[in-house]
1. Scan region 200-245 residue by residue and report those that are closer than 30 Å to Ala156 by Cβ and among the small types (Gly, Ala, Ser).
2. Counting only residues that are acidic (Asp, Glu) and in contact with a Ser or Thr (Cβ under 6 Å, 6 or more places away or on another chain), how many does region 397-428 have?
3. Is there a residue in region 57-64 that is closer than 30 Å to Phe303 by Cβ, assigned to a loop (DSSP other than H, G, I, E, B) and not assigned by TED's automatic domain parsing to the domain that holds Leu669?
4. Kindly indicate whether any position in region 536-543 is in contact with a Gly (Cβ under 9 Å, 6 or more places away or on another chain), within 26 Å of Ala626 (Cα to Cα) and buried (at least 22 other Cβ atoms within 10 Å of the Cβ).
5. Based on what the data block shows, is Val240 buried (at least 16 other Cβ atoms within 10 Å of the Cβ) and under 25 Å from Ala312 (Cβ atoms)?
6. If we keep just the residues of region 470-490 that are over 17 Å from the mean Cα position of the chain (by Cα) and touching a residue at least 40 places away in the same chain (Cβ under 8 Å), which is nearest to Cys35 (Cα to Cα)?
7. Out of (1) more than 28 Å from Asp315 (Cβ to Cβ); (2) surrounded by fewer than 19 Cβ atoms within 10 Å (Cβ to Cβ), what's the single condition that is false for His130?
8. Output the residue which, of all residues in region 288-309 that are touching a Lys or Arg at 6+ places or on another chain (Cβ under 7 Å) and among the polar types (S, T, N, Q), is surrounded by the most Cβ atoms within 10 Å (Cβ to Cβ).
Amino acid sequence: MPVRAYQPSFTGGELAPSLYARTDLSKYGVGLRTCRNFILHAHGGASTRPGFQFVAEVKDSSKKVRLIPFRFNLSQQYPLQFGDGYMRVHKDSGTVMSGGLPFEIATPYTEADLPRLSFSGRADTMFLAHHNYAPRKLARTGHAAWTLSTITFAPATSAPASVTATPSGSGSEPLSYKVTAINDETGEESLPSAVAACNGWTSSGWPAGGKVTISWTAVTGCTQYKVYKNDNGIYGFLGVTESTSFNDKNVTADVSLTPPGSRNPFTGAGTYPSTVEFYEQRLYWASSDTAPRTVWGSVVSSFTNLNVSRPARDDEAVTFTIEGGQVNEVRHLIPLGDMIALTSDAEWRVSGGGSGNPITPSSIKVKPQSYCGASRVRPIVIGNTILYVQDKGSIVRDLAYRLEVDGFTGSDLSVLSNHLFEGHQIVDWAYAQVPHSIVWAVRDDGVLLGLTYMREHEVWGWHRHDTDGAFESVCVVSEGSEDILYAVVRRTIGGQTRRYVERLHERSWQSIEDAFCVDSGLTYSGAPVTTVSGLDHLEGKTVAILADGDALTPQVVSGGKVTLPRPYSKVHVGLPYQCDLETLDIDVGMTQTGTVQARRKTVARVTLRLWQSREFKAGPADKLTATKIDITAYSAPVGLYSGDKELILQPAWNSNGRVLIRQDAPVPLTVLAIMPDIEIGG
């Protein structure tokens, strides 16, 4: 009598061949032998991935580019295309234009520089760091209004001008003063003014009623000023005023409070920082060639101000060095409850001196958390957990605070699927939280890996994706109600290399006519037509076509168009891709005669629980059986089906009993559960 197995979840993802015998692992029961071009859902099911929509060809297809996300708010986000010496802007499936051409600005970064470009954004401004270039600021004032400028590290508030010092009487003792302005909005203190000098009196010889009046011109945006007086070569604090003058009536200068001093540690080759990040209202820079372990933090809320006083005040610029056994560079700074610094050999926790205290110039605590080391691929933060690529082996790890150890610890997320990483490196990745919580990672050979990750439910599973080409760069921005993946894909068209910016289509369609299951694809929607044009980017390629919900015979693009057998109103055209979902060797536990592992068996039939699906194939890998969804109305396109679908399979006795589900048509398929009926032999 057949035994029915039941796999209601695939959240274990594609497991490594070294685990094919590990039926004792909990992941085995929810794992897969193959998960190709299927997306894993945190709730357990698996769906064929939607297609990639063609957006634009890059400026120069002979050179690599990098996509970087710019996020102002949820509705204004842009994938920025950084190429060799330029930047272009994309938004909402298109390219931002100016004067009929793609909007573009010049940058100093070459093709070789792009992988090491670090960035951190705040509102309409993004700060950029690269160890070969002075730090820069990218500012946006409109969709087609962007500027890139070299940062001048100085307070934004101007120092008072025209400062004078006038004594009330004659004297012979040289006196000198400086004045600073306090910004009304930010509280930032300017650099001190030029020296105002006069001849007055010594403290002991100051006449009764004598005074020195210090005057200056008002500074825009400032109503408060601080006055400092020279005391044996040190300018000490005299007082604060909301006027544009101050009377020194023999006030003793407080030399424990001095005016800010100008400071820019990034003055030339070898001194430029390689990473940048915001934390606790400061902008932090780290790791120059000459100081690879040093971190510099700005004045609080004054992000281009690195000035300090003597002694330093709590809100002034911060500098510290992460001291370890080796001189290894700081590669990333990550803002969580504490700041986490990832170096090439370790992970460090940076905080203020006391519990919950902020970092200040006089209160910094740096503690190692683990010794794995991070690659230069920018880490991802999911909730309160960091995901990063290990420096060696391209291992993907997570790192999160654990109360029981009062520190940050993590685990290897790639160990159960290490076959996807052996001999390869992760070169770029991005995280799409909504709708499926997936990390999309680009491998050095152009394969796109997906990691469905939901730590609170102990869900992490890998899936792999390929296309007629190679993925090179990715970024994620929010569009509408979803996080959208943009990718740079290298394709060969007519024997020539082409690099395209493409967008992973949403998978929230409600009817088969909307299903977008082609790569580098475009959609026509309008009055019925028999010709779809505008396909020059796929010239000479064989394309898949879904027209009004019907999967048509593939065609070759000629003259930038394809011809349809009859008029259609909604047509998706693009490159086909194959989706495979294959179970591990069937295991039903122990039977009366022992384990079924390695015993001959056959899957006579299989029942699949489907959701919004169309026709597909299933069975043993070498004997697939095609199935169709019943047509519900005469001459209408086949709709999307949800429910159980039973297939009678071709007999195939073997020792594994695996079931392969394949979708090679441009229509969707979602599998919620696989229920094979197994006949077991000797």
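The values are calculated or read from the model by the stated rules, or taken from the named source; none is laboratory data. Please read these numbers as outputs of a predicted model, since none were measured by experiment. Glycine also receives a Cβ, built like all others from the backbone with ideal geometry; neighbour counts cover every protein chain displayed.
1. Ser215, Ala218, Gly221, Gly233, Gly236, Gly239, Ser243, Ser245
2. Keep residues of region 397-428 that are acidic (Asp, Glu), which gives 398, 404, 406, 412, 422, 428.
From the residues that got through so far, the ones that are in contact with a Ser or Thr (Cβ under 6 Å, 6 or more places away or on another chain) too are 398, 428.
Of the residues in region 397-428, 2 are acidic (Asp, Glu) and in contact with a Ser or Thr (Cβ under 6 Å, 6 or more places away or on another chain).
3. Filtering region 57-64 down to residues closer than 30 Å to Phe303 by Cβ leaves none.
Checked region 57-64: no residue is closer than 30 Å to Phe303 by Cβ, assigned to a loop (DSSP other than H, G, I, E, B) and not assigned by TED's automatic domain parsing to the domain that holds Leu669.
4. For region 536-543, residues in contact with a Gly (Cβ under 9 Å, 6 or more places away or on another chain), within 26 Å of Ala626 (Cα to Cα) and buried (at least 22 other Cβ atoms within 10 Å of the Cβ): present.
5. Details: buried (at least 16 other Cβ atoms within 10 Å of the Cβ): no; under 25 Å from Ala312 (Cβ atoms): yes.
In short, no.
6. Within region 470-490, the first condition is being over 17 Å from the mean Cα position of the chain (by Cα), and the residues that meet it are 470, 480-481, 489-490.
Subsequent filtering for residues that are touching a residue at least 40 places away in the same chain (Cβ under 8 Å) retains 481, 489-490.
On the way: Ser481: 27, Val489: 21, Arg490: 23 Å.
Out of the qualifying residues, it is Val489.
7. If we test His130 against (1) more than 28 Å from Asp315 (Cβ to Cβ); (2) surrounded by fewer than 19 Cβ atoms within 10 Å (Cβ to Cβ), just (2) comes out false.
8. Taking region 288-309 and keeping what is touching a Lys or Arg at 6+ places or on another chain (Cβ under 7 Å), we get 297-298, 300, 306-308.
With the extra rule that they be among the polar types (S, T, N, Q), the set shrinks to 298, 307.
Values: Ser298: 21, Asn307: 23.
Ranking the candidates gives Asn307 first.
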